[in-house]
1. Being in contact with an Asp or Glu (Cβ under 6 Å, 6 or more places away or on another chain), surrounded by 13 or more Cβ atoms within 10 Å (Cβ to Cβ), of a type in the set (A, V, I, L, M) and modelled with pLDDT of 90 or more is the requirement here; does ILE285 meet it?
2. Would you please list the contacts, defined by Cβ atoms under 7 Å and residues six or more apart or on different chains, that run from a residue in segment 152-179 that is under 17 Å from CYS318 (Cα atoms) to a residue that is in a helix (DSSP H, G or I) and polar (S, T, N, Q)?
3. When you go through GLY262, GLY228 one by one, which is the residue that is within 29 Å of THR144 (Cβ to Cβ) and in contact (Cβ under 8 Å) with a residue 24 or more places away in the chain?
4. Can you find a residue in segment 218-231 that is farther than 25 Å from VAL109 by Cβ, in contact with a Lys or Arg (Cβ under 7 Å, 6 or more places away or on another chain) and assigned to a strand (DSSP E or B)?
5. Looking for whichever is farther than 27 Å from PHE127 by Cα and buried (at least 24 other Cβ atoms within 10 Å of the Cβ) here; the options are LEU198, LEU251. Which one fits?
6. Scanning segment 211-226 for residues that are modelled with pLDDT of 95 or more and within 23 Å of MET176 (Cβ to Cβ), which turns out surrounded by the fewest Cβ atoms within 10 Å (Cβ to Cβ)?
7. Assuming VAL52 fulfils every condition listed in (1) among the aliphatic types (A, V, I, L, M); (2) at pLDDT 90 or above; (3) not assigned by TED's automatic domain parsing to the domain that holds GLY81 apart from one, which condition is it?
8. Under 7 Å by Cβ, and 6 or more places apart or on different chains, what pairs join a residue from segment 74-88 that is under 16 Å from PHE188 (Cα atoms) with one that is hydrophobic (A, V, I, L, M, F, W, C) and surrounded by 24 or more Cβ atoms within 10 Å (Cβ to Cβ)?
Amino acid sequence: MKRRMHKWLCCGLSLILLLAVLPGCQKKEKAYPDGTINLIIPYSAGGNADTVGRMVAQYLGEELGVQIVCVNKPGSSGELGAMEIASAKPDGYTIGLLNSPDFIISDLVNPDFDFAFADSVHYIASFTKTPFSYYAQKGSEIDTWEKFVAHCKANPGKVTVGEGGIAHRVLAAAIMEHFGIAFTTINFSGASDVVAALLGGHVDAASSGNQQLSSFLAGNCVPIAWGGEEPCQDLPNTPMFKDEGLSIDFLAVCNTIVAPKGIPGEALQKLTAACEKISQNQELIDQITATGYTYSARTGDALTQELTGYYETAKGLCEQYKELILAQ
């Protein structure tokens, strides 16, 4: 009897000890974020997109209470970095900054761009919406839009237009189709090279973002056709593409924070909420505006709907002018 009681007592004590130890053995899930987040920027350090990305990373990291490390992955107009973002582990600790419309157009026309626009990432937040404009040297024979169009019609393909990326070639295709003209685009590696080419007289005109206005004005160049919804503040009488019946909103530069598809819901929700919060921070707004970009904050479903619409608009042009758009 004593032996049996001793046996049951031992079993009972063992069970108590086991129950006491089990909670400590269970792995507690840590709340997101719990560690460094990498922000991949598919462009060179020091450029406008890189500058905006680092500004956003600072405020976003402070809001989330973690460090956000910016990692530059330039190459092929942002395509290499974009593919790395899309293929990253979807755990919330690798996110990216992409420039629309570059990745939209690459998805449509470049067979080597292994990045399905609609299926590979979540669009979290965009902080800019900066249109493109056309510029020429002041005093040249094409220093107004009327002169530019007339000269292109009289000399098909002879006018050269410097541009710094695939999106500018889509704009060129839209202009040629809308105005019934032809000119030749000359590709440069970036916006600063486009500015230098026009200032140096190596091209007749230039296609560039509105954020480059001050650089062109400093070199005695003027905008001849202005993109966006608002007139040029420095030269309000400059003709606007929209007044000419050409809508180019789908080509506005949108610096957009994205995450790989499949990111956990909690992480996506916290990133989106944090981006919404910092998008109202006046210091960040002032800093981004100072770069020359047009500040415009959109997040979540509204942003996804907007970019999906831009994709559909670009699709027709890309199908019609694929050879021009892919020309190097």
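1. On the way: in contact with an Asp or Glu (Cβ under 6 Å, 6 or more places away or on another chain): no; surrounded by 13 or more Cβ atoms within 10 Å (Cβ to Cβ): yes; of a type in the set (A, V, I, L, M): yes; modelled with pLDDT of 90 or more: yes.
The answer is no for ILE285.
2. GLY165/SER77; ILE166/SER77; ILE166/SER106
3. Numbers: GLY262 fails: within 29 Å of THR144 (Cβ to Cβ).
Criteria check complete, one pass: GLY228.
4. Taking every residue of segment 218-231 in turn, at least one turns out to be farther than 25 Å from VAL109 by Cβ, in contact with a Lys or Arg (Cβ under 7 Å, 6 or more places away or on another chain) and assigned to a strand (DSSP E or B).
5. Working: LEU251 fails: farther than 27 Å from PHE127 by Cα.
Only one candidate qualifies: LEU198.
6. Within segment 211-226, the first condition is being modelled with pLDDT of 95 or more, and the residues that meet it are 216-226.
Now drop any that are not within 23 Å of MET176 (Cβ to Cβ), which leaves 216, 221-226.
Numbers: PHE216: 22, CYS221: 24, VAL222: 19, PRO223: 24, ILE224: 24, ALA225: 26, TRP226: 25.
Of everything passing the filter in segment 211-226, VAL222 is surrounded by the fewest Cβ atoms within 10 Å (Cβ to Cβ).
7. Failed condition: (3).
8. What qualifies is SER77/ILE166; GLY78/LEU98; GLY78/PHE103.
The values are calculated or read from the model by the stated rules, or taken from the named source; none is laboratory data. Predicted, not measured: the structure shown is a model, and the values here were computed from it. In this analysis, Cβ positions are derived from the backbone assuming ideal geometry, glycine residues included, and neighbour counts consider all displayed protein chains.
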